[in-house]
Protein chains: 2
Amino acid sequence: MISPEILDSLFSPESIVIVGASHTEKKLGGIVLKNLLKSKVRIYPVNPSYEALMGIKAYASVKAVGELFGAGGASVDLAIIMRPASEVPGILRELHPWTKTAVIVSAGFSEIGQAELQDEVKTIGKETGIRLLGPNCIGVYNAHQKLDTFILSYEKLKRPKKGNVAVLSQSGAILACFLQAMRASNTGISKAVGYGNAVDIDESDIYDYLARDPHTDIIISYIESLGDGKKFIKAARALSEKKTLLILKSGKGASGQAAAFSHTGRLAGRYEVFNSILKQFGIKEAVDSDDLVDSAKALSYQKPLNRRGGQRVCIVTNGGGSGVLASDECMKQMLDVARVREEKVQRLRDMFPPFYSMSNPIDLTAHVKNSDYAVVLETLKDDYDGFLIIALTAVTGITDALAGIIKDFRETTNKPVVLYTDSNSSSRSITALFEKAGIPVYPSPERAARALKTLLSK
Amino acid sequence: MISPEILDSLFSPESIVIVGASHTEKKLGGIVLKNLLKSKVRIYPVNPSYEALMGIKAYASVKAVGELFGAGGASVDLAIIMRPASEVPGILRELHPWTKTAVIVSAGFSEIGQAELQDEVKTIGKETGIRLLGPNCIGVYNAHQKLDTFILSYEKLKRPKKGNVAVLSQSGAILACFLQAMRASNTGISKAVGYGNAVDIDESDIYDYLARDPHTDIIISYIESLGDGKKFIKAARALSEKKTLLILKSGKGASGQAAAFSHTGRLAGRYEVFNSILKQFGIKEAVDSDDLVDSAKALSYQKPLNRRGGQRVCIVTNGGGSGVLASDECMKQMLDVARVREEKVQRLRDMFPPFYSMSNPIDLTAHVKNSDYAVVLETLKDDYDGFLIIALTAVTGITDALAGIIKDFRETTNKPVVLYTDSNSSSRSITALFEKAGIPVYPSPERAARALKTLLSK
């Protein structure tokens, strides 16, 4: 296990050397410098051709930075290396003994068959004690510190809002795709890290670290292949006991496994074995990338408070068909769309027009008013474990005030509540209000049903 | 079978009586009048309190309109009825004998237990010969004629673009949800119809009509329940032989069936029976609403030209991880992500840097240039039946010109090609270009894989 202090140097550094910094955003070294200028960290850009880069004093060499730290024993928390692969061993030696951690962005190692060069880097890491992220990696993002070493500009990758989901991926491209999807689904992140070929720091080390991270409640982890299976299982189990770990495994079939190998140079292993181990230890696995993002959203908005495992679901809708689709998916997910108790049916009938349907799904029809939802939810709050609300906004009776009603219900009961709404212009404003109120909104009844299942799983 | 001429009166009327027209868009009768003013049809609004509505001469009663047609035997193609349920029988009698078809928007029939009133309406339809759509229905939309009887304003429901997909649903709310989703996914529609309680014209009649409709190639049909199962099977089979019929059945479980009954007053029947009949006759069924919309999009953009049933798929990507996810899903869908032939591997190796991966998925990495896709596709065009292209736009080598390259490939080979791209700002412009070029774009690798499966199914 890597000490938390070391990984603090990686995720919350106070000082950074940028090896291969540039004056222009046309180069990676310029993008990273610009992104880092947004944080409050001390920066030492290295570039032999410039005296200053983006208004910051530049250093002619790594050595020149090292001289600042030589005698006093002071050190730099993090180095970011963006030079060609062949130069990386030499750079690492120069960073010693005054650098704690290094992100090796450079590609050109095992993933293209240069295993010897990668082994050399690994060995130097061990010899010097510099803990390494990468090589062939996109870097580190810490939303709560505004730390951003990503080699992607904000133009190319708009960052999601700050939140409680940490995102891990070997692949930087996949990480970027997930971050985009999370931004689109209005889910906030705490930390994001692409660890590439993982010669040193790997998913397991980061799991250990995130288990103690106060900003992180949910961890989503995309895995193509594992270096050390036993270490992974130990860390994943320990993390799952404290927080929600959600894994998306790729490379499930033979061709996928071959692709995963050539992508990261690590063996994917047989998926069936992986899958059965996760099951055995109760670690959650997503079916595909939509499922990963949808589940992370649900868990980010609401804590599953369902330790006794109740699966009784109430669906309240103002569109009959959407209610039926939600009900079908709930049953597919083994949720119990249980009938409304006769006594409650009578109580509701006394308050509503005769054409409202009081079976479950409860259909308030196009004649619905906001307050109808309040009446139904208040009446049935003790009879169900989770609630799926459908609010189609094309009818006049539904207004923005519905968000407040559902929010109050959620806060009183603390039971899982998810929402499906259609996608016209008035639904966009109401969606924002719901999500501000802590109710995750999904773009189809089936996706809402699956999200509710996530929140009702132990 | 209803004669095509009669259904022409419904879908392409030249004259319309609006019973319950209004001067204000605050009422359904005003929304419908305004929507119809966009078409070139002759309109006869009926409202006893106004001499004119929205600049059109109004008539005090249905009779007053009938007097225009009395002696000469001339007739009105379509009546739209938006008066309370109890008035509907009387209105229908007054529309006789000069009206061919009627859309009964009014609710308050079997869906709220008023079966007798519904039977009366049905009987009057038979006696008078007026063919009826509804009651309890949203109406008819014909994109190629700009005919729009929907009771939803454009503000509440932006219509999708004109295209080749017809959409059928008993439920108007579901129809609206699908139309919104199709608009968001950039899929064009030919006709859309909500047929409600279906006392007369039902899905089967509309299938027969659409089988001959030159503007419609794909039909998506949402079904909660069936009135006449045998009639449905006959019409669905006949339609499937000429065009692609894609069904989404809801009410699959016990609670869903109960809900479907209270929603439309028709029995849903056992899903297992329905499902096995569809399979037997080769009628396609969607898994859920996302699948329905995604499949319709694929089929709308490209004709499946794969009568021999080839399932060999080539994945070309510039993001390794996304390629692996696509590959996993292809295998789940029983597609064959077959290895690249050794001879072709060699040919490609000669043209590309050593770190490009030439197994399938073919990974062109972040170093990709547009022209690399052209080289790969040209080299492998005869070896595969379908192509899944992944273009992550965060890298500099991918530009808008890629759309032209993929378009040329598609036009030369006529083989199914689908695309996944990420969702940043530069991808939005390239997505528009791809879709203009006839290549459907999907928001996740797995959804792209499922769409390719749709195009490779017989």
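At a probe size of 1.4 Å, how large is the accessible area of A:Leu392, to the nearest 10 Å²?
Approximately 10 Å² of A:Leu392 is accessible to the 1.4 Å probe.
Could you tell me the distance between the Cα centroids of region B:180-245 and region B:82-111, to the nearest Å?
23 Å
Using protein chains only and a probe of 1.4 angstrom, how many square angstrom of B:Tyr271 are accessible, to the nearest 10?
40 Å²
Could you tell me what percent of the accessible area of the protein assembly as shown is made up of carbon and sulfur, with a 1.4 Å probe and every protein chain present?
That share works out to 52 percent.
For B:Ser86, what accessible surface area do you get with a 1.4 Å probe? Give it in Å², rounded to 10.
Using a 1.4 Å probe on the heavy atoms, I get roughly 90 Å².
Return a whole-number percent for the relative contact order of chain A, with Cα pairs under 8 Å and 6 or more residues apart as the contact set.
Across chain A, relative contact order equals 10 percent.
For the B and A pair, go ahead and give the buried accessible area with a 1.4 Å probe, both sides summed, in Å² to 100.
4200 Å²
Quick query: amide H of B:Val417 versus all other amide H atoms, modeled in the peptide plane; which residues come in under 5 Å with a sequence gap of 5 or more or a different chain?
Amide H to amide H, under 5 Å and 5 or more residues apart or across chains, B:Val417 pairs with B:Phe387.
Average projected area of the Cα convex hull of region A:16-118, in nm²?
6.7 nm²
Suppose only helical runs count, i.e. DSSP H with n ≥ 4. What mean residue ellipticity at 222 nm does that imply for chain B under -39500 (n - 2.57) per run, divided by all residues and rounded to the nearest 500 deg cm²/dmol?
Helices in chain B give a 222 nm mean residue ellipticity of -12500 deg cm²/dmol.
Between region A:142-176 and region B:341-359, what is the C-alpha centre distance in whole Å?
33 Å
Enter the mean projected area of the convex hull around the alpha-carbon atoms of the protein assembly as shown, in nm², rounded to one decimal.
Mean projected area for the protein assembly as shown: 39.2 nm², to one decimal.
Are there trypsin sites (Lys or Arg not before Pro) in region A:1-53 that DSSP marks as loop and that have at most 13 other Cβ atoms within 10 Å, and which are they?
Sparse-neighbourhood loop trypsin sites (Lys or Arg not before Pro): A:Lys26, A:Lys38, A:Lys40.
Within region B:1-149, how many lysine pairs that are 8 or more places apart, or on different chains, have C-alpha atoms less than 24 Å apart?
So the count works out to 29.
Once the other residues with Cβ under 12 Å from the Cβ of B:Gly66 are scored (Lys, Arg +1; Asp, Glu -1), what is the net sum?
Spelling it out: positives minus negatives among the neighbours equals 0.
Under a Cβ-Cβ cut-off of 12 Å, what is the net charge of the residues other than A:His23 that fall near it, where Lys and Arg count +1 and Asp and Glu count -1?
Taking every Cβ under 12 Å from that of A:His23, the sum is +1.
Let me know the shape class of region A:311-453, please: from the alpha-carbon gyration tensor, a ≥ b ≥ c as square roots of the eigenvalues, rounded when a/c is under 1.5, otherwise prolate if a/b is greater than b/c, or oblate.
rounded
Tell me, what is the percent relative contact order of region B:22-140, built from C-alpha pairs under 8 Å that lie six or more residues apart?
Computed over region B:22-140, the figure is 18 percent.
Rolling a 1.4 Å sphere over the protein heavy atoms, what is the accessible area per residue of chain B, to the nearest Å²?
38 Å²
Could you name the aspartates and glutamates whose alpha carbon sits less than 14 Å from that of B:Lys407, not counting residues in the same chain fewer than 8 places away?
B:Glu378, B:Glu435
Excluding residues fewer than 8 places away in the same chain, name every one of the aspartates and glutamates whose C-alpha is closer than 20 Å to that of A:Lys230.
In chain and number order, the partners are A:Asp200, A:Asp202, A:Glu203, A:Asp205, A:Asp208, A:Glu241, A:Glu272, A:Glu285.
Sequence-distant or interchain residues sharing an amide H contact under 5 Å with B:Leu53, placed H: which?
For B:Leu53, the qualifying residues are B:Ala58.
Which residues' amide hydrogens lie under 5 Å from the amide hydrogen of B:Val337, considering only partners 5 or more residues apart or on another chain, with H built in the peptide plane?
It is B:Val313, by chain and number.
Kindly provide the GluC sites (Glu not before Pro) of region A:1-88 that DSSP labels as loop, not H, G, I, E or B, and whose Cβ sees at most 10 other Cβ atoms within 10 Å.
When the GluC sites (Glu not before Pro) of region A:1-88 are filtered for loop state and at most 10 Cβ neighbours within 10 Å, A:Glu51 remain.
The values are calculated or read from the model by the stated rules, or taken from the named source; none is laboratory data. Here the structure is a predicted model, which means the values were calculated and not measured. Note: ideal-geometry Cβ built from the backbone for every residue, glycine included; neighbour counts use all protein chains shown. Protein only, heavy atoms only, side chains kept; ligands, DNA and RNA dropped before computing areas. Shrake-Rupley method; radii C 1.70, N 1.55, O 1.52, S 1.80 Å.
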